[in-house]
Amino acid sequence: MPDFHASVRIPLHDRSYDIAILGALSGIGTGIAAPPPGSAAMVVTNDVVQPLHAHALLQWLQPHYRQVHVVVLPDGEAHKDWQTLNLIFDALLTHGCDRKTVLYALGGGVVGDMTGFAAASYMRGVPFVQVPTTLLAQVDSSVGGKTAINHPQGKNMIGAFYQPRLVLCDLSTLDTLPERELSAGLAEVIKYGPIADMAFFAWLEEHMEAVRARDKAALAQVVRRCCEIKAEVVGQDEREAGLRAILNFGHTFGHAMETGMGYGVWLHGEGVAAGMVMAAELSRRLGMVDERFVQRLRALLARAGLPTRGAVIDRHDNAGRYLELMRVDKKAEAGEIRFVLLAGPGKAVVRAAPDALVREVIDACCAG
Ligand code: NAD
Ligand code: GLY
């Protein structure tokens, strides 16, 4: 297995950076990726990832920095909050870290989003590097500079756009990922098909078994293609003035499920999977895609081990609760919910839809 698979560049002028896709972190050091210079490094990780993968990263970092500190956060989406974020600031201040300290986010999207936000705010901004260890983080959250924590009333509501200096995707870290988490990552992988690349969707239909078996060549292809698509979108619309919203296909419904059930009950990718079916079904009812396409999407999500029916988040008024939560979505404008819908397979649009139709979709798509 080669140590180096590919490199994808995120083109953002003086804030451009590379995503290095590696077979193993130990294969680095051949000039593929250099750690940003700094007075010290602070590795931010959690209590699940630290015992599994911190050692390899520390070994790589130690020759490059005078000091390498580690802060270990409690694991889980339920800890993506102010209190946990403060643990990073506490550690930075306790170690006397200055503004030349480089933060390293070692973990999934939760660690990545929180470390990025900490890097954006500590001393008004310090450099940071993403070392994503979940499939979801390697194909999506570590790339593009969205950083955030959750608020009890809404997902990812407090945050900043702040780009990393480098992203290191070590495919070997995925060997330890639980099956359910791999599937959750596949939701964000599959997302890129309907919104941008149906040839990639067809490739996934052909190679789903190899991907779920964690075949490294298949995973390298997946991470590379997803990062290429994301680079193309983020390069054109870094701060989501328009186009970038298409990356949120399935997320409007998905975030409502995550917030409605309580963070961590369903994984982010599970909400996105069921949310994509709901968004595709809404598109179908608006005459934008046909039933055959919705079935094809549902079938691939099921083969990826993902839910294809939405969760019931309120026993008395399920659709009403969805609508209430979706009005807090960041794409909403003056209380009007804006959905990422499909104008056809491989083409996404952002638009509003009548509440009555959205209610019908929720009633038709939710389990129970
Ligand atoms: P996560 O960070 O909670 O990781 C999932 C679980 O896997 C955790 O328990 C984690 O400790 C564990 N884990 C991580 N790496 C592991 C490994 N190699 N081996 C074993 N266990 C490992 O969840 P996630 O799915 O990576 O990320 C979801 C988060 O990402 C959500 O908060 C979501 O909002 C955010 N997100 C952000 C963006 C963005 O653009 N910033 C995009 C998509 C999702
Ligand atoms: N994951 C959505 C985005 O990066 O815009």
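A few comments on the model shown:
- Residues in the chain average 39 Å² of solvent-accessible surface per residue, probe 1.4 Å, ligands and nucleic acids excluded.
- Measuring nothing but how far apart in sequence close Cα pairs (under 8 Å, 6+ apart) lie, relative to its length, the chain scores a relative contact order of 15 percent.
- Along each principal axis, Cα extent of the chain, largest first, Å: 60, 41, 37
- Estimated FRET transfer efficiency when R0 is 41 angstrom, pair Lys347-Gln153 (beta carbons, to 0.05): 0.80
- Computed accessible area, Glu77, all protein chains, 1.4 angstrom probe, square angstrom: 30 Å²
- Theoretical FRET efficiency, 1/(1+(r/R0)^6), r = Cβ-Cβ of Leu52 and Arg292, R0 41 Å, to 0.05: 0.45
- Lys, Arg +1 and Asp, Glu -1 on Cβ, resulting dipole of the range 1-157 about Cα centre, debye, nearest 20: 400 debye
- The helix-only estimate of mean residue ellipticity at 222 nm for the chain, built from DSSP H runs of length n ≥ 4 each weighted as -39500 (n - 2.57), is -13500 deg cm²/dmol after division by the residue total.
- Volume of the Cα convex hull of the range 77-143, divided per residue and given in Å³: 72 Å³
- Solvent exposure ordering (accessible area, 1.4 Å, most first) of Trp82, Trp266: Trp82, Trp266
- Relative protection proxy for 64-71, 140-147, 281-288, from highest mean packing down: 140-147, 281-288, 64-71 (other beta-carbon atoms within 10 angstrom).
- Rounded to whole numbers, the Karplus 3J(HN,Hα) couplings from phi for the range 96-104 are x, 6, 9, 7, 9, 6, 9, 8, 10 Hz, using 6.51 cos²θ - 1.76 cosθ + 1.60 with θ = phi - 60°, and x at Gly and Pro.
- Modelled spin-label separation between Arg359 and His207, with each label point placed 7 Å from Cα along the Cα-to-Cβ direction: 4.5 nm.
- Accessible carbon and sulfur surface of the chain relative to its total accessible area, %, 1.4 Å: 50 percent
- What the phi angles of the range 233-239 give under the Karplus curve with 6.51, -1.76 and 1.60, with θ = phi - 60°, is a coupling list of 6, 5, x, 8, 8, 4, 9 Hz, glycine and proline written as x.
- About the Cα centre, charge dipole magnitude for the range 166-310 (Lys/Arg +1, Asp/Glu -1 at Cβ), debye: 300 debye
- Relative contact order computed over the range 109-162 (Cα-Cα under 8 Å; 6+ residues apart), in percent: 39 percent
- With θ taken as phi - 60° and the Karplus curve 6.51 cos²θ - 1.76 cosθ + 1.60 applied, the whole-hertz 3J(HN,Hα) list for the range 5-12 is 9, 6, 9, 10, 9, 9, x, 9 Hz, x standing for glycine and proline.
- Relative contact order of the range 181-291, pairs being alpha-carbon contacts under 8 Å that are 6 or more residues apart, as %: 28 percent
- Under-5 Å amide H pairs with Val68, H placed in peptide plane, nonlocal only: Ala41
- Listed residues Leu85, Pro74, Val102: farthest to the positive end of the dipole of the range 54-106 (Cβ charges): Val102
- Two-site FRET efficiency, Asp98 against Ser7, from Cβ-Cβ distance with R₀ of 22 Å, rounded to 0.05: 0.15
- Evaluated with a Cβ-only charge set (Lys, Arg +1; Asp, Glu -1), the chain carries a dipole of roughly 480 debye about its Cα centre, given to the nearest 20.
- One chain, two ends: Gln83 and His64. Fully extended at 0.36 nm per residue, the span grows by 3.8 nm beyond their Cα-Cα distance.
- Bridge orientation summary for the chain: considering DSSP beta bridges with both residues in this region, about 40 percent are antiparallel.
- Cross-link pairs exceeding 21 Å in C-alpha to C-alpha distance, out of Lys191/Lys330; Lys216/Lys347; Lys146/Lys230; Lys80/Lys330; Lys80/Lys100; Lys230/Lys347, comprise Lys216/Lys347; Lys80/Lys100.
The values are calculated or read from the model by the stated rules, or taken from the named source; none is laboratory data. Given the structure is predicted, the values throughout are model-derived calculations rather than measurements. Glycine gets a Cβ as well: all are built from the backbone with ideal geometry, and neighbour counts include every protein chain shown. Heavy atoms of the whole protein, side chains included, go into the accessibility calculation; ligands, DNA and RNA do not. Shrake-Rupley method; radii C 1.70, N 1.55, O 1.52, S 1.80 Å.
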